[in-house]
Amino acid sequence: MAQEVVNSDEVVLGEEIDHVRLITLNRPRHLNVISSKVVSLLAEYLEKWEKDDKAELVIIKGSGRAFSAGGDLKMFYDGRNSKDSCLEVAYRMYWLGYHIHTYKKTQVALVHGISMGGGASLMVPMKFSVVTEKTVFATPEASIGFHTDCGFSYILSHLPGHLGEFFALTGARLNGKELVAAGLATHFVPLEKLSDLEKRLISLNSGDENAVKAAIEEFAMEVQPDEESVLNKQSIIDECFSKDTVAEIIKSFEAESTKEGNGWIGPVLKGLKRSSPTGLRITLRSIREGRKQTLPESLKKEFRLTINILRAIISEDVYEGIRALTIDKDNAPKWNPPSLDNVGDEKIDQVFQLFEEDLELQIPEKEEHRWDGKYENSPYASLKVTD
C-alpha cells in the first residue's frame, strides 16, 4: 500500500495509506493538549481528506499515555494580558467541531488514557469511538471558572435525565465501560488489543461502515458499568440536578449525602463547593440551553461564552483557576465573586449576550459551502475587534 507520512516532529501527524487516513495527536509529553497549531493541522487534514475521493476511512489516536487532555491551559493563561490572544484558536476549534460532527467519511477514534474537555470532542462525535480500561473522560471546565465547551453543552444536555448537568457541574470522571453505557463511546476494546485493531482497520482499507463495525466487533467486549458507577445513581442525580439553580442543586445534594449508602456523594460535593461560582452558574445555564438548541446554535453560544470569559467581562476566575491548577499548583483559587450569592443574574446575562452577526461563529448552512466560514475569512482576521 502507498504510504505518505508527514514530519514526525509535528504536533499532529497525518498518514495516507491507500484508502485509510491516520491522524496521530503528537504532543505526548504534554498529554496531547490542543494548541492553535493542533487545531489548524486537524482542520487542514480533515478538509483535504473529506474532499479526496480516495480517502474512505479516517482514524484518530493519541501518542503516549493520553488521547488528549483538552485545551492548552497555559496558552490561555499566557494570553491573559493580550486582547483576544486566544480568539483565533477558539473560533477554529468550534468551527472544526461542527465539521467533525457532520463529517462525510467514516471516522474511528482509538482512545486510551485521558480524553477530557476539548480532547473528548475528537472522540465522542465520531461514527465509531473505541475506548479501553485505561480511558478516562471528564468535562471539568466549570471547576476552573470556564464552561463546558467544544460541543459538550449540546452532547451532555442530551444524555438521559439530568446526567448532563451532573457531569458538567461536577467534572465527574467516566471510565471506558461507563462511556459505552452512557452512549459517549461505541465500543470497548482491551488496551492490549488496540494496536491489533488499528492494524486490522488499516488492512481493511475501506470506509464501508458495516465492514468497519464488524472489524471493531472482532476485538470488542460486552461491558457493563461497575455496581458503584455514578450511572447507577441516576435517580439521585435526577432528583438533585433537576433543581432550578446551582445553590438549590448543592442544597439538595447535601441532603442526599446524609442518607445511608450515599457516601459517594461526599467527595463529589466537596469538589462542587470548591469550584468557581461564576463557572458553575454559566455552565448550568449553558447545559440547559443546549437541551433546546441545535448543534450549530450550541457551538455559536459556546464561542460567545469563551470569548467573554477570556475577556474577563464579569470575572477573572478562569485565569485564577488555571493559575491554581497548573501554574502555581497550590489548588487554592480565590474566586471573585467568592460565592454563588454574589453572582447576579444580570452578570450571567452579559456573558450570554449575542455578538453582532458578522462577529458570531460562522457555521455554513448550505451543504455545498460546508467548508466556508473559516476564521481567515471573518472580520476577526483583519480587524482588531473592540466590540
query: Any chance the range 264-284 includes a residue that's under 26 Å from HIS99 (Cβ atoms) and assigned to a helix (DSSP H, G or I)?
result: yes
- prompt: Based on what the data block shows, is SER68 open to solvent by 30 Å² or more (accessible area, probe 1.4 Å), among the hydroxyl-bearing types (Ser, Thr, Tyr), more than 21 Å from LYS199 (Cβ to Cβ) and within 18 Å of the chain's Cα centre (by Cα)?
  reply: no
statement: Across (1) under 27 Å from ASN205 (Cα atoms); (2) within 12 Å of the chain's Cα centre (by Cα), GLY118 clears everything bar (1)
task: Name the single residue, out of those in the range 254-290 being in contact (Cβ under 8 Å) with a residue 12 or more places away in the chain and hydroxyl-bearing (Ser, Thr, Tyr), that is surrounded by the fewest Cβ atoms within 10 Å (Cβ to Cβ).
output: SER257
query: Which of the residues that make up the range 52-105 are within 26 Å of SER143 (Cβ to Cβ), β-branched (Val, Ile, Thr) and out of contact with any Asp or Glu (no Cβ under 9 Å at 6 or more places or on another chain)?
result: ILE100
message: Here is a check on your reading of the model: is TYR98 open to solvent by 10 Å² or more (accessible area, probe 1.4 Å), assigned to a loop (DSSP other than H, G, I, E, B), farther than 14 Å from LEU31 by Cα and hydroxyl-bearing (Ser, Thr, Tyr)?
response: no
query: Of (1) open to solvent by 40 Å² or more (accessible area, probe 1.4 Å); (2) in contact with a helix residue (DSSP H, G or I) (Cβ under 6 Å, 6 or more places away or on another chain), TRP371 satisfies all except one. Which?
result: (1)
- line: Looking across the range 17-58 at residues that are farther than 20 Å from GLY97 by Cα and in contact with a Leu (Cβ under 9 Å, 6 or more places away or on another chain), the single one that is surrounded by the fewest Cβ atoms within 10 Å (Cβ to Cβ) is HIS19
Selection within the range 73-84 - in contact (Cβ under 8 Å) with a residue 12 or more places away in the chain and open to solvent by 30 Å² or more (accessible area, probe 1.4 Å): LEU73, LYS74, MET75, PHE76, TYR77, ARG80, LYS83, ASP84
message: So, ILE216, is that one in contact with a helix residue (DSSP H, G or I) (Cβ under 6 Å, 6 or more places away or on another chain), assigned to a helix (DSSP H, G or I) and either closer than 30 Å to ILE348 by Cα or touching a residue at least 40 places away in the same chain (Cβ under 8 Å) (or both) or not?
response: no
message: Condition first: assigned to a helix (DSSP H, G or I), more than 21 Å from PHE152 (Cβ to Cβ) and among the basic types (Lys, Arg). Now tell me which residues in the range 300-327 satisfy that.
response: ARG323
message: Which residue is nearest to LYS104 (Cα to Cα), if the candidates are limited to the range 172-228 and must be loosely packed, with under 14 Cβ neighbours inside 10 Å and of a type in the set (S, T, N, Q)?
response: ASN210
task: Please give the number of the condition VAL39 fails out of (1) under 14 Å from the mean Cα position of the chain (by Cα); (2) assigned to a loop (DSSP other than H, G, I, E, B).
output: (2)
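The values are calculated or read from the model by the stated rules, or taken from the named source; none is laboratory data. Nothing here was measured: the structure is a model prediction, and the numbers come from that model. Because the Cβ atoms are built from the backbone with ideal geometry, glycine has one as well, and the counts that use them run over all protein chains shown. Heavy atoms of the whole protein, side chains included, go into the accessibility calculation; ligands, DNA and RNA do not. Shrake-Rupley method; radii C 1.70, N 1.55, O 1.52, S 1.80 Å.
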